[in-house]
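Notes follow once the structure below has been shown.
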Amino acid sequence: MAVVRIVGIGGSAGALEAFERFLARVPVRSGLAYIVVQHLDPTQKAMLAELLQRVTSLSVREASQQMRVEADHVYVIPPNAELSLAQGMLHLTTPTEPRGLRLPVNVLFSSLARDQGASAIGVVLSGMGSDGTLGLQALKAVGGLTVAQEPSSAQFDSMPRSAIAAGCADIVALPADMPERILACIARDSHSASPIAAPGLDRTPTDAPVDPSGDTIEGIFTLLRQRTRHDFSLYKPSTLNRRIERRMAIHGLAALAEYVRFLRQNPQETDLLFKELLIGVTSFFRDAAVWQYMQDTALPELLANRGSQTKFRGWVAGCSTGEEAYTLAIVFTEAVRSLPEHRDCRLQIFASDLSPDAIATAHAGRYPVTIGASMQPEVVARYFVPQTGALAVSKPIRDMVLFAQHDVVLDPPFTRLDMLSCRNLLIYFDATLQRRLLPLFHYSLRPGGLLLLGSSETTGSQRSLFEPVESKLRLYLRRHTQSAAGPEFLLKSFPPLLKLTKETPMPSSPNAAQSGDSLQAAADQVLLQVHAPPAVVVNAAGDIVYISGRTGKYLEPAAGKANWNFHAMVRESLREPLAKALKQAMAKDEAVQVRGLQLVAAGVVQGVDVTVQPLHEPAALQGAVMIIFRDVAASLRGGRRKGANPEEAIDAAEVQQCRNEIQSLREENRASTEELQSSNEELQSTNEELQSSNEELTTSKEEMQSMNEELQTVNAEMHSKLDDLALAQSDMKSLLNSTEIAMLFLDQNLNVRRFTDRAAKIINLRDSDIGRPLSDLTTSLQYPTLPDDAHETLRTLVFSEKQIQSSDQRWFSVRIMPYRRLDNVIDGAVITFVDITATKQVEAMLRKDADA
C-alpha cells in the first residue's frame, strides 16, 4: 500500500475561517490526507467536522481510535483528546495536562515528524499562544515542509508569529494560497531532475558539467563560504540535496543554475539557506538511558579515576540551543550531590555551535514550559525557575556553561577536556570529515576522558583511539595512544594561516622618520623591548592593537575562540580596577594612575602600579589608550626598617591614623552590613511570596487563555449555526408565503409568534405586533369568538374549523390546531385562513338552481 502524504493543520482562536479558506481551495484529488487540530472546549460537543464539510467536497470525518488515514480525506480532532499518528493510523489519548497547558498541535506535528519524516507537512494558522512552534521545529529537523499563515491575515496572530520568529516556517502565505503552494512543492520534489551531485562524487552522464560561471552546487558552496565562512562541501550529499531542493521548490525554481543566480541577487536567501542546512534538533535529557548511565556509572568512575582533581572541563560540540549542555551540567551536579567525597568538584562546560541565533537562545537559558514533560518534577523544581510562560535555567547551572560560536571544522578545538559530547553531528558529515574530526577529539581529551556520540554514530575505523565503555549508548573512553604521527597534525586539521584574513596593520605616522635599519634605530628598539615597562595599546572597544614588552604576567588568552579584547585577557585580580580606570581615562581624556594593585599569578602575589594614558598623536593612535604596567618592589611594599628614613615618625603617625580610620570604617561597614542583611531577608521573604503569587497568576492566566481560545472556537461555531438558522428561517418564510395560505402562529399565551403576508391582509398585523396577544388585534372577519376558540383548542387539543364571512363579503375557512414541536411538546397554536369565496358562490348558485 502506497504511503499517503499527510498535511497536519493546527490552529486555535479564529482558526475556523482559516480552515474553511484552506480546505475550500484543496483539489478533489490532491492525493494528500489532511488532519485538522484545534483547541476545543473539552466539555462541549464539537461541530467542527460538520462546519468544514460545508466548504469542501472532500470527506470530513471526526477522528477515532486506530482509524487508517486515507488520501483525499479530512480528519478532525474530537474534544478532550490529543491526536497523533503512528504507522499511518490515528491514535487518540486523553490529555494529561490541565486545561491551559495543553498543546495538541505540537503533539500532532511531533508524531508526523516521527512517522512521516521528510514527507510530513505542517501548517500553523490563527491562534493565541505558541502551540505548533516546537512541532514545526521537529518537522523542519527531519526535512518536512513547514507553512505558517501570514500574520496580518490572522484574527489572532500569536501562533503564526511565534513559528515565523523561531525561523521554522518555509512558506508564509494566506490560507487560500497554501494548498497551491504546497502542491507545487510536492510536484517539484516528485519531478525533480537527478540528484544534485556534490564535489568528489561520481556523476552520471546526465549531470550538468561544472561551468566557469559556477552555476552548480560548487557555486552554492562558494557563496555560502563567502557569506558565512563555513564550508559545506564535506557534508553528506543526501542532506544537502534535500535542503537545497526544498529551497528551490519554495521559490518555484526548476534548475540549479537559476537558484545559484537567485542566491547571487538575494544575499538574504543565502542566510536562509545557511540556517536551513544547520539542523538544530535537541532537547533536555534526549535518550534518557544515556544520561542515567552517565549519572549513575560513567561520571562517578571518572571522578574516582581523577583522584584529587577538583576542576573538570567538558565540551559540547554542536550544542544548538543549549539543552544538551545544560543537561550535562545537571547530570554532573546530580552525580556530585550523590558522592560526598567529591562535593568540591566543579565542571566548566564549553558549548559551541555554528549558528549565532542558537547560541543567543542557549545563552538566555529560557525555554517553553513544555520541556518539563521530559524531566522528573524534582529536577525541574531544583534546576529551573518558573517565568511567565517559560522555564529558565537556574543561575548555578548557567554559570557552569560557557557558550561560543565555533566552527568545529575550521576553528581550533577546546583542549585538556575530561569529557566531550558530540551527539548527532557527525551523521551530517561525510566519511572524510569524520576521519579528520575523531583524531581531533582524541587530541582534545585528556587520557581517560569520555567521548559521547549520537545513537547513530560510532568511532568507525578509529577504534585504536577510543575504547567502548557502553557500545549501545555510544559512550567511549580515550585510549592512551597518539592522536596522529608528526607535529603537522594540527596544521593539517585547520587551514594554513596564509589562507586566513590577516589583520590590517596600523598605518604609521606620516611624520615618522624613515630610519631604515640604522644602528640607532636598532639600539632604540632593543632598549624599548628590554628596559621599557610592559604596555599595551587598546582601541575604543577595548581590543588590543599593539603590545610592547613582556605582558604575559598581566594578560592571558581567554578560553574558547581567539579573543584579543583587553577585558577578556587581563588577569582576574586586575580586571575590575583596570576596567574602571580605562573607563575614567576615556571619559575625562586624561591619564589615570592606579597604585597598589595586587597581581596574583602562579600562587605569587606581586604589587603592580598601572598608568592608563589616552593617546592623541600621532594621528594613527588618536582615540586609543595605552596601559602601562610597573611592578612594585617588595621593599617598597613592606614595612620600613628602623633608621631607614628620617621621616619615619611622621609616617608611623600617618599609618596609625589610617589604621584608626580603617577600624572606624570597618565598624560602620559591619553595622551597615547587618542592617542590609536584615533588609535582604525581609526582601527575600517578600520576593518568595510574590514569586508564589506570580506562579499562581501565571497558571490562572494560562488556564484563562486556554478557556478563551475554546470560547472563541465555540463562538465561531455558534455564529456559523446562527447563519444556518437565519438561512433556514428565510427559507421557511419564503415557503410559507409561496403557498398563498394565510397562517398565524401563536405561542402558549396566544401571543403572535409569526405570520404570513396573506394573514396580514385578513388580520391587521405588522412586524411590530410580534408578541402581542391575539385578543388585541383587529380583523375584517366577523369572528368575535376567535380568541376563545383558540384557547379552547389549546385546552382540549381538538381541532376547530369554521367558515367565517369577512366585512368585505368574502368567506374563509378558519382552522385552529395545536402547534406540536419535533419533541412532541405542544407549544402554541396555528390558525390558517383559506379563502373559500368562490366555493361559496358556486354553492349559492347550485342552491338557487335547485330551488328554481
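Restricting Leu410, Leu402 to those that are of a type outside the set (Val, Ile, Thr), farther than 24 Å from Leu299 by Cα and open to solvent by 10 Å² or more (accessible area, probe 1.4 Å) reduces the list to Leu410. Counting only strands (runs of 3 or more DSSP E) that sit completely within region 1-88, those holding 2 or more residues that are open to solvent by less than 20 Å² (accessible area, probe 1.4 Å), of a type outside the set (Gly, Ala, Ser) and free of Cβ contacts under 8 Å to residues at least 60 places away in the same chain correspond to 32-38, 73-76. Flag set for Arg242, criterion: modelled with pLDDT under 85 and basic (Lys, Arg). Leu391 meets the conditions (1) in contact with an Asp or Glu (Cβ under 9 Å, 6 or more places away or on another chain); (2) open to solvent by 10 Å² or more (accessible area, probe 1.4 Å) in every case but one. The failed one is (1).
Close contacts from region 714-741, counting a first residue that is free of Cβ contacts under 8 Å to residues at least 60 places away in the same chain and a second that is part of a loop (DSSP other than H, G, I, E, B), with Cβ to Cβ under 6 Å and a gap of 6+ residues or different chains, come to Leu736/Thr756; Asn737/Thr756. Against the list (1) farther than 23 Å from Leu477 by Cα; (2) within 24 Å of the chain's Cα centre (by Cα); (3) touching a residue at least 12 places away in the same chain (Cβ under 8 Å), the condition Pro377 fails is (3). In the set (1) surrounded by fewer than 16 Cβ atoms within 10 Å (Cβ to Cβ); (2) in contact with a Lys or Arg (Cβ under 9 Å, 6 or more places away or on another chain), the condition left unmet by Ser800 is number (1). For region 749-776: of the residues being in contact with a helix residue (DSSP H, G or I) (Cβ under 7 Å, 6 or more places away or on another chain) and more than 21 Å from Ser807 (Cα to Cα), which is least open to solvent (accessible area, probe 1.4 Å)? Residue satisfying both the conditions and the ranking: Val752. Within the set Phe489, Phe494, the sole residue that is modelled with pLDDT under 55 and within 36 Å of the chain's Cα centre (by Cα) turns out to be Phe494. If I go through region 413-426 residue by residue, how many of them are farther than 12 Å from Ala559 by Cβ, of a type in the set (A, V, I, L, M, F, W, C) and either open to solvent by less than 10 Å² (accessible area, probe 1.4 Å) or free of Cβ contacts under 8 Å to residues at least 12 places away in the same chain (or both)? Matching residues across region 413-426 total 4.
So which of Ala288, Ala249, Ala255 ends up being closer than 23 Å to Gly449 by Cα and over 21 Å from the mean Cα position of the chain (by Cα)? From the options Ala288, Ala249, Ala255, the qualifying one is Ala288. When residues in region 756-802 are screened for being under 14 Å from Ala829 (Cα atoms) and of a type in the set (Phe, Trp, Tyr), 1 of them pass.
The values are calculated or read from the model by the stated rules, or taken from the named source; none is laboratory data. What you are looking at is a predicted structure, and each value in this text was computed from that prediction instead of being measured. Because the Cβ atoms are built from the backbone with ideal geometry, glycine has one as well, and the counts that use them run over all protein chains shown. Please note that ligands, DNA and RNA were not included when accessible areas were found on the heavy atoms of the full protein model with its side chains. Shrake-Rupley method; radii C 1.70, N 1.55, O 1.52, S 1.80 Å.
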